[in-house]
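Data first, discussion second: the structure below is written as structure tokens.
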Amino acid sequence: MKKIFIVLCASAILYACGGGGDKTEKKDAATTTAKEATSSTNQYEDQALAIIGKSDCMTCHKINETSTGPAWKDVAKKYEHTDANVKMLAGKILKGGSGNWGTIPMTGHPALTEEEATTLANYVLALK
């Protein structure tokens, strides 16, 4: 009788602890897929957000809505993501500009490096 009891207890313990490997793998795969579906496809985002965090970009710009300056998505709609447009926009970020989006001029940001301005320009133009 004791042997049957011990075998039943051991079986119950083994059953409770084992057999869940496939469920965990499926759950992890589903979580990964969900993260990929909701994450940004903008390859410049991480670097650009670090630059934006130490600059004053958000004072005049927002991603989806017009503020003092144009919404970045509106800029992305107006200009195709080409090398020439990246160079032009990076120049405006560094030196400033006016006339393309109304009467309020954009101040230059000479403290940024050319590489940082190029990263920001690529980020904005990739916001489709």
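The values are calculated or read from the model by the stated rules, or taken from the named source; none is laboratory data. Here the structure is a predicted model, which means the values were calculated and not measured. So basically every Cβ, Gly included, is an ideal-geometry build from the backbone, and we count neighbours across all protein chains shown.
Filtering region 54-80 to residues that are part of a loop (DSSP other than H, G, I, E, B) and of a type outside the set (S, T, N, Q) leaves Lys54, Asp56, His61, Lys62, Ile63, Glu65, Gly69, Pro70, Ala71, Tyr79, Glu80. Of the residues making up region 44-80, those that are of a type in the set (S, T, N, Q), closer than 15 Å to Thr107 by Cα and touching a residue at least 12 places away in the same chain (Cβ under 8 Å) are Ser55, Thr68.
With the condition kept exactly as written, say whether any residue in region 102-116 is surrounded by 16 or more Cβ atoms within 10 Å (Cβ to Cβ) and closer than 20 Å to Thr41 by Cα. Scanning region 102-116, I find at least one residue that is surrounded by 16 or more Cβ atoms within 10 Å (Cβ to Cβ) and closer than 20 Å to Thr41 by Cα, so the answer is yes. If you go through region 81-110 and pick out every residue that is without any contact (Cβ under 8 Å) to a residue 24 or more places away in the chain, among the hydrophobic types (A, V, I, L, M, F, W, C) and in a loop (DSSP other than H, G, I, E, B), you end up with 0. Assess whether Ala48 counts as being touching a Ser or Thr at 6+ places or on another chain (Cβ under 9 Å) and of a type outside the set (Ser, Thr, Tyr). When the stated conditions are applied, Ala48 passes them.
Ala10 meets all of the listed conditions (1) modelled with pLDDT of 50 or more; (2) closer than 28 Å to Leu127 by Cα; (3) small (Gly, Ala, Ser); (4) out of contact with any Lys or Arg (no Cβ under 8 Å at 6 or more places or on another chain) but one, namely (2).
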